[in-house]
Amino acid sequence: MKAMLLAFAAIIVISVGANQALTHMGFSSADQTTSPSVRLGE
């Protein structure tokens, strides 16, 4: 049981860390799918 809880904690830490790293590096889905030629709000 202890090993499973440790594994769950590791998954949470790794996923949050990866999310933060990719967001700061510009690899978020919002950054990847937008371009200057898109006209929003018109």
* Asked: Can you list, bin by bin at 10 Å, the percent of alpha carbon pairs in the chain, starting at 0?
  -> 24, 29, 22, 15, 7, 2
* J(HN,Hα) series, the range 11-26, from Karplus relation 6.51 cos²θ - 1.76 cosθ + 1.60, nearest Hz, glycine and proline x -> 4, 5, 5, 5, 5, 5, x, 5, 4, 5, 5, 5, 5, 6, 8, x
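The numbers here are math on the coordinates, done by the rules we state, and not lab data. If you're wondering where the values come from, they're calculated on a predicted model, not measured in any experiment.
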